[in-house]
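What follows is a structure written as structure tokens; I'll ask about it next.
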Amino acid sequence: MDIEKSKEIKARAELDSQLTSQLNKLLPTVLSKTGFSSIHSLNAKIGGKHRHYLDIRNAVVYSPDHFASLWLDGFKTIVDEHKANSQFTRSEYLTYQLLKAHKEFQEYLFLFLKRTYIRYADSLSKKKPPIEDSEVWIGQNNANYGLLITPRFVNGSWENDASEIRHFEPKYWSIGHVIKTGLCVPNSPNKIVFNDIEQYLTFFLNVIVRNSGSTYEYQIAQKYCDYVRSSDNPENLALIIPEFRYEGIDVQHKYRLDFSIIESSELNKIGFELSPWSTHGYISKTKQMTQKEINDAAQDNFNKEMKKHKDFFKKHGIFTLIYTDNDLKNLDGIFDDMKRYIEPKTVGKQMKFHIFNEFFD
């Protein structure tokens, strides 16, 4: 565990303890004024319906205030529905009346929600990928591997355990991700497991990338390996995903991206395509062709390349950077472009509203 992560865990534990102490001081007064029989019945009332009040699976929650705001918004929506239907005996409406009547209960609720967020901040603050984007297949035809988030082998194929995706601890699509899950072998319960980062880098460079046959890809992959080895927190770095099969596991795969990066915070996809003329535009046997035939063949090559890249973006949301021969003379420059997306970005959001002062007025 890196030093920053260790500090964060310690700070959260201390804050959790402080909040629990404040809740315990308020508890006797809150129980007396609200009529709840015990801490268990009280906490069950306000803590048992998070899924009813906010979209726990998909919401990205940035702070304790944000969590409380979403909770209150969902809670108030249900209260208003009960009012409209004259269902004043319903549980949420009665709890709302108690909250309006007792400032101590309001304070208790806020502290309780804040503590809930502190305890589950890692999963609540993550942007979770939809299930259809929760697996990536890479590699050449008949030599491909799956990178899933919560892989399980069911009825002869790999799938994600959707209920556990938000609890996944490493950053999505990072070095730490692949070390935790390994790479899945299609149509087989076997996985390629890596005991440490060096094992993965060796496999990445000398099996997946080397198999592509591209000197350019191999040199960039070497730069990536060196960059990971020199990092203080390599497990948090985004993966450079080689030979991304953007149509998935299909055996006969028409197109692959040379490299892709999926940013862990916002889940943006960036493709990197190395397009030397020798493999992407060269037309052979031109001596037997007329100038018109050469022009038609060149136009056809160009249209195929452009259609491929438009498909990456329009169908799969992948913005692709394309590097031609002039660019390929400076591989350090290309890797500098990649480094902008390899380092994890901190996502934060300033909450500027005062939820409790306005909510119960």
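For the structure I just gave you, tell me whether Val209 is of a type outside the set (Lys, Arg), assigned to a helix (DSSP H, G or I), surrounded by 15 or more Cβ atoms within 10 Å (Cβ to Cβ) and at pLDDT below 95.
yes
Quick check: anything in the range 89-102 in a strand (DSSP E or B), at pLDDT 85 or above, among the hydrophobic types (A, V, I, L, M, F, W, C) and buried (at least 19 other Cβ atoms within 10 Å of the Cβ)?
No, there is no match, as no residue in the range 89-102 is in a strand (DSSP E or B), at pLDDT 85 or above, among the hydrophobic types (A, V, I, L, M, F, W, C) and buried (at least 19 other Cβ atoms within 10 Å of the Cβ).
Does Asn187 satisfy the condition of being over 30 Å from Ile322 (Cβ atoms), surrounded by fewer than 15 Cβ atoms within 10 Å (Cβ to Cβ) and more than 22 Å from the chain's Cα centre (by Cα)?
yes
Residues of the range 31-64 being under 15 Å from Leu94 (Cβ atoms), outside any loop (DSSP other than H, G, I, E, B) and among the charged types (D, E, K, R), which ones?
Within the range 31-64, Lys33, Lys45 qualify.
Output yes when any residue across the range 73-83 is modelled with pLDDT of 85 or more, in a loop (DSSP other than H, G, I, E, B) and within 34 Å of the chain's Cα centre (by Cα), and no when none is.
Taking every residue of the range 73-83 in turn, none turns out to be modelled with pLDDT of 85 or more, in a loop (DSSP other than H, G, I, E, B) and within 34 Å of the chain's Cα centre (by Cα).
Another question, then. Can you tell me which of Ile46, Ile56, Ile39 is surrounded by 12 or more Cβ atoms within 10 Å (Cβ to Cβ), modelled with pLDDT under 85 and either touching a helix residue (DSSP H, G or I) at 6+ places or on another chain (Cβ under 8 Å) or β-branched (Val, Ile, Thr) (or both)?
Ile56
Given the criteria among the small types (Gly, Ala, Ser) and loosely packed, with under 14 Cβ neighbours inside 10 Å, does Gly74 qualify?
No; evaluated as a whole, the condition is false for this residue.
Here is a further query. Among the residues of the range 147-175, which ones are part of a helix (DSSP H, G or I) and either modelled with pLDDT under 90 or under 23 Å from Asn187 (Cβ atoms) (or both)?
Ala162, Ser163, Glu164, Ile165, Arg166, His167
Starting from residues that are modelled with pLDDT of 80 or more and among the β-branched types (Val, Ile, Thr), keep the ones in the range 312-355 and report whichever is nearest to Ser230 (Cα to Cα).
Filtering the range 312-355 for residues that are modelled with pLDDT of 80 or more and among the β-branched types (Val, Ile, Thr), the one nearest to Ser230 (Cα to Cα) comes out as Ile342.
The values are calculated or read from the model by the stated rules, or taken from the named source; none is laboratory data. What you are looking at is a predicted structure, and each value in this text was computed from that prediction instead of being measured. Neighbour counts are summed over all protein chains in view; Cβ atoms, including those assigned to glycine, are modelled from backbone coordinates with ideal geometry.
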